[in-house]
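Taking it in order: structure first as structure tokens, then the write-up.
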Amino acid sequence: MITTTRRQFMAGIAATSGLLATRSWAFNNNSHHSLKPIPVIDTLNSAETPVRLDLQMAQHNFGNGTLSDTFGINGTYLGPIVRVRKGQETAFELTNKINEPAAIHWHGLHIPGSLDGGPHQALEVGATWKPVLPIANPASLNFYHAHTHGSTGYQVYQGLAGVLIVEDDNSLAADLPKTMGVDDFVLVLQDKKLDSTGSVVFSPSNVNDTLAVNGTLAPTLQKVAPGLVRLRVLNASNGAFIKLSLSENQPMHVIASDGGFLTKPVSTDFIILSPGERYEILVDASHPVSLMTVRFDDEEIIAKPGIVDTTSKTTPVMAVALVPDKNKRGFTGSLPTNLSVLPAAEPKAAQRIRSFDLSENVPQRFSSIAPTLGNRCYGKNQIAMGINGRPMDMNFINEAVPTGEYEIWRVTSQDGAHPFHIHGCSFRILKQMGVTPPDYASGWKDMIYAAPGSVSELLVKFDHKADSKTPYMYHCHILKHEDCGMMGQFTVEDHATPYSAPVAV
Ligand SMILES: [Cu+2]
């Protein structure tokens, strides 16, 4: 839920006095009249249950003074940050007050398929869903969002998305910045298209140059407590890959990936977040520093072993200056040495290998039935996309997986870089595009990129069940690809006979 107060806006302007001489991209490219802080998203604490989430029609001001038609969850755009505790059962109450069916999925949570909120669980208009979620994840940044068959891209873009933070004993005791809006910031990044009147409009096919952070277009300046600042970053874009770095290439310290803390901070010049990915980073804001963002679409990025190539494009689309303010009291500690204990990712533990080949085309016989499957494609002459030759079919189970057994999932792509996501689990990346992943991607993940001509492998185990009525999904997280059928379904059951549908040719 987003609300930008006049007080926050004025604070941003006040912070500029005396700082205009600072050499940073943000200051050189914006008049002080346009300086905008990062909006703080309201937090709902699971101590007050049920956690009520109302999906509603709205109009939202993205910070440019124009109202845009949106969907919001409790507010005018996006939903509140929901904070839950590991080990607690948390009751939710979701009501669909928009004008079309909508499913809400808990991306990242390890919960049974019956609670997962996938496309089989769309809420009809006016309906209420009361799931009680047993929180099993370690401390992590998760992403609840629309997952409605054929409409995921549209509904997420309109605002049906939010952050769910799991805390556990380790995270609560950790010596880390924890004061929201002072030394700890949630950043929900999304690219947006503006029409000639300044309204944000749905843009199904393209990736756009304007980035919104927490529902505000291109914030430019945030006052922070001097010292280490924690940024919890979610790329909630429909299709944009986002590279984050600091203005003078200072190191950023990655402390957590999709599924939780790394073992220790990993220092890096930059990170890349595909749509759906999350990272938490610590940034030294003892002195002003700007967070730079460069965006790529799936055709602009060039896969090279292990990582997408960022040399092809370097112009930032947004820079947010983090400016220390002595009046803000925040974290005074130093970089932690240990964050968590992760088990070794042991490929030998795997009992089988499954393969997933992602493609923007499917064989002719599936192209002809594609219009009956409820998938929605946006590209010119685009009829169906698929995995292993098959477009998403709500009535077809692609894989059957036994509970509690390690497997290697091998992910390849025939065209473009596809960020692959699996429901109901966290996994470990063994190989990303042929080589060991960057250290910051060595911990718990639920996203991996696949690119043509390379093999990516992950080690995964499912601890919860999903039957054929509410199976789990695996899919490309470029939402126009997911909506067009680049998705499949799998069940997880005790002692299941492992099954993979044959690759369709
Ligand atoms: Cu894709």
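Here r is the Cβ-Cβ distance between Leu67 and Glu300 and R0 is 45 Å; the resulting FRET efficiency, rounded to 0.05, is 0.90. Positive-end ranking of Trp444, Ile429, Gly379 along the dipole of region 347-500, with charges on Cβ about the Cα centre, is headed by Gly379. Residues Val455, Val503 ordered from highest to lowest accessible area at a 1.4 Å probe: Val503, Val455. If you bin all the Cα-Cα distances of region 184-324 at 5 Å, starting from zero, the percentages per bin are 2, 10, 19, 24, 21, 14, 7, 3, 0, 0. Sorting Ser237, Ser205 by solvent-accessible area of protein heavy atoms yields Ser205, Ser237, largest first, with a 1.4 Å probe. Charge dipole (Cα centre; +1 on Lys/Arg Cβ, -1 on Asp/Glu Cβ; no other charges) of region 129-281 amounts to roughly 280 debye. With a cut-off of 16 Å on the backbone N, the residues of region 108-126 near the modelled label site 7 Å out from Lys469 along Cα-Cβ are 112-123. Here region 184-324 has 49 percent of its accessible surface on carbon and sulfur atoms, given a 1.4 Å probe and all protein chains in place. Per-residue extension of 0.36 nm, minus the Cα-Cα distance of Ser355 and Ser334, leaves a gain of 3.2 nm for this segment.
Each label point was placed 7 Å from the Cα along the Cα-to-Cβ direction; for Leu342 and Ala496 their separation is 2.6 nm. Each residue of region 369-383 was assigned a 3J(HN,Hα) from its phi angle through the Karplus expression (A = 6.51, B = -1.76, C = 1.60, θ = phi - 60°), giving 8, 3, x, 8, 8, x, 6, 10, 10, 10, x, 4, 6, 7, 10 Hz with x at Gly and Pro. Surface exposure of region 319-359, expressed per residue as accessible area with a 1.4 Å probe, stands at 60 Å². With a threshold of 22 Å on the Cα-Cα distance, the over-threshold entries among Lys223/Lys264; Lys97/Lys469; Lys193/Lys243; Lys264/Lys313; Lys36/Lys193; Lys97/Lys445 are Lys223/Lys264; Lys97/Lys469; Lys264/Lys313; Lys97/Lys445. Our estimate of slack between Leu172 and Lys326, defined as 0.36 nm per intervening residue step minus the Cα-Cα distance, is 52.9 nm.
Here is the list for region 48-114: GluC sites (Glu not before Pro) lying in DSSP coil, each with at most 11 other C-beta atoms within 10 angstrom of its C-beta, are Glu48. Along the axis of the charge dipole computed for the chain (Cβ charges of +1 for Lys and Arg, -1 for Asp and Glu, origin at the Cα centre), the listed residues Ala236, Thr90, Ile38 are led at the positive end by Ile38. Temperature 37 °C, viscosity 0.692 mPa s: under these conditions the Stokes-Einstein estimate for region 376-455, based on its Kirkwood radius over C-alpha pairs, is 224 µm² per second. Annotation: Asp393 carries an accessible surface of approximately 40 Å², with a 1.4 Å probe and no ligand, DNA or RNA atoms counted. For region 414-474, the ratio of Cα radius of gyration to the globular rule of thumb 2.2 N^0.38 Å stands at 1.21.
A Cβ-based charge dipole, computed about the Cα centre of the chain with Lys and Arg at +1 and Asp and Glu at -1, lands at about 820 debye. Each residue of region 244-251 was assigned a 3J(HN,Hα) from its phi angle through the Karplus curve 6.51 cos²θ - 1.76 cosθ + 1.60 (θ = phi - 60°); the sequence is 10, 8, 10, 4, 9, 6, 4, x Hz, with glycine and proline shown as x. Think of the chain as having a plus end and a minus end, set by charges on the Cβ of Lys, Arg, Asp and Glu; of Gly150, Leu189, Ser290, Ser290 sits farthest toward the positive end of this dipole. The Cα-based radius of gyration of the chain, divided by its Kirkwood radius, gives an Rg/Rh of 0.94.
Averaging Cα coordinates gives a centre for region 60-75 and one for region 78-108; these two points are 20 Å apart. The charge dipole of region 370-494, taken about its Cα centre with unit charges on the Cβ atoms of Lys, Arg (+1), Asp and Glu (-1) only, comes to about 380 debye. Among the cysteines of the chain, those whose beta-carbon sits 4.7 Å or more from every other cysteine beta-carbon are Cys425, Cys476. Here the sum of -39500 (n - 2.57) over DSSP H runs of 4 or more residues, divided by the residues of the chain, equals -1500 deg cm²/dmol at 222 nm, to the nearest 500. Report the longest stretch of the chain that contains none of the trypsin sites (Lys or Arg not before Pro) sitting in a DSSP loop with at most 10 other Cβ atoms within 10 Å. The longest uninterrupted stretch comes out as 24-325.
Show log10 I(q)/I(0) for region 347-500 at q = 0.15 Å⁻¹, two decimals, from a solvent-free Debye sum over equal Cα scatterers. So the normalised log intensities work out to -0.75.
The values are calculated or read from the model by the stated rules, or taken from the named source; none is laboratory data. These numbers come from a predicted model, not from an experiment. So basically every Cβ, Gly included, is an ideal-geometry build from the backbone, and we count neighbours across all protein chains shown. Protein only, heavy atoms only, side chains kept; ligands, DNA and RNA dropped before computing areas. Shrake-Rupley method; radii C 1.70, N 1.55, O 1.52, S 1.80 Å.
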